[in-house]
Amino acid sequence: MNAFLNEEMLRLHHLIRTKSTGTPQQLAKKLGCSQSTLYEKIKQLKDIGLPIVYCQARQGYEYACEVAVNFQLIIDGETLKQITGGAGLLTSDYQNNFATPKKPE
């Protein structure tokens, strides 16, 4: 997947996978977008190979077969610099007691 992947697309995938979409109108409302935007998002997922179909009997979207999707998070250098990983929680006391190896006596 590429840059279009965001929380909304992950939610759409989850709703389709769990057969919880409802009608296109209901699904658009759940995602907080217009129906035309919804159709574009579904097209994007189909374009990357996800077998999305509309079930007339259930009146909702589903996958035509079992689907496993693996998402990869790619962080650019500038964003990576902003991630502290908890470093701000390290107090000087912590650093003095735990982070600095003590010399054997």
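Residue-level analysis places Glu7 outside the set of residues that are over 17 Å from the mean Cα position of the chain (by Cα) and acidic (Asp, Glu). With respect to the numbered conditions (1) exposed (fewer than 12 other Cβ atoms within 10 Å of the Cβ); (2) touching a Cys at 6+ places or on another chain (Cβ under 6 Å), which one is the sole condition not fulfilled by Thr18? The failed condition is (2). Would you check which residues across the stretch 29-56 are hydrophobic (A, V, I, L, M, F, W, C), farther than 22 Å from Ala68 by Cα and at pLDDT 95 or above and list them? Of everything in the stretch 29-56, nothing turns out to be hydrophobic (A, V, I, L, M, F, W, C), farther than 22 Å from Ala68 by Cα and at pLDDT 95 or above. Given the criteria of a type in the set (Ser, Thr, Tyr) and at pLDDT 90 or above, does Thr18 qualify? Answer is yes for this residue.
The values are calculated or read from the model by the stated rules, or taken from the named source; none is laboratory data. No experiment lies behind these values; they were computed from the predicted model shown. Every residue, glycine among them, receives a Cβ derived from its backbone with ideal geometry; neighbour counts consider all protein chains shown.
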